[in-house]
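The structure appears below as structure tokens.
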Amino acid sequence: MKKVKIGLVKANPNNPRVIKDDKFKKLVQSIRDLPEMADVRPLVVNQDMVVLGGNMRLKAMKEAGWTEVPIIQVNWDEDKQRQFIIKDNLSGGEWDWEMLANQWDSTELADWGLDVWTPPAEVDYGLLDNTGLENQIDELGAGVRKAIQIEFEPQDYDEAVELVKWWRQKGAYVGAMVVDHLKTMKDHRVE
């Protein structure tokens with residue numbers, strides 16, 4: 001590993017992964033808060049100083065005002081470079097959400113850039129008048145949508161995302177469509 005002037009390192013125009021908006025701001029903040037992270041995860045560049053791994057970190061380092069960046073320079077053929085660009089960005093594994101919820105501070109996790117679930121504001125139902133209590137509770141929940149996580153096989157994930165986007169653009173409520181389909185499947189299930 002060595003450090004070089006940031007202007008010598010070139011962003012890769014063929015990098016298929018981007019971080020936008022709020023997540024990019026979180027990355028910039030994480031680099032400001034823990035700059036030592038870059039020394040243990042240097043940018044990976046080819047012989048032409050084009051980034052193979054760390055494009056978004058390079059952009060964030062520029063945003064944070066860095067003048068030098070740590071790099072590891074590799075001498076790989078074109079095929080190996082292309083493989084690395086993709087493989088370096090594959091998300092391996094899954095978060096253990098229960099462990100995160102029970103053993104980590106959600107505010108810290110959010111500050112560090114992890115998208116965490118935040119519980120809705122608690123409602124003190126004791127303040128409600130007992131007269132028409134059910135109607136008042138129903139009114140409190142009107143229009144509130146809840147989410148569940150649905151698992152997909154890796155080969156189906158991209159198509160599922162596109163289908164959900166397409167239906168949402170058409171104004172459909174995808175949750176109701178899923179529930180209707182699951183009910184139908186259950187009703188026609190052979191025991």
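Of all residue pairs spaced 6 or more apart or on separate chains, those with beta-carbon atoms under 8 Å, a first member in the stretch 1-17 that is under 23 Å from Lys87 (Cα atoms) and a second member that is among the acidic types (Asp, Glu) are Met1/Asp39; Lys10/Asp48.
Of all residues in the stretch 20-45, those satisfying the criterion of being outside any helix (DSSP H, G or I) and crowded, with 17+ Cβ neighbours inside 10 Å are Pro42, Leu43, Val44, Val45. The requirement of being among the charged types (D, E, K, R), free of Cβ contacts under 8 Å to residues at least 60 places away in the same chain and in a loop (DSSP other than H, G, I, E, B) is satisfied by Asp48.
For first residues located in the stretch 170-185 and under 14 Å from Ile150 (Cβ atoms), partners that are surrounded by 10 or more Cβ atoms within 10 Å (Cβ to Cβ) and lie 6+ apart or on another chain with Cβ distances below 6 Å form the pairs Val174/Val164; Val174/Trp167. In the set Asp156, Asp79, Asp180, only one residue is assigned by TED's automatic domain parsing to the domain that holds Asn12, over 30 Å from Ile31 (Cβ atoms) and either modelled with pLDDT of 70 or more or touching a strand residue (DSSP E or B) at 6+ places or on another chain (Cβ under 7 Å) (or both); that residue is Asp79.
The values are calculated or read from the model by the stated rules, or taken from the named source; none is laboratory data. Just so it is clear, the model here is predicted, and its values are computed rather than measured. FYI the Cβ positions are ideal-geometry reconstructions off the backbone, even for glycines, and counts take in every protein chain you see.
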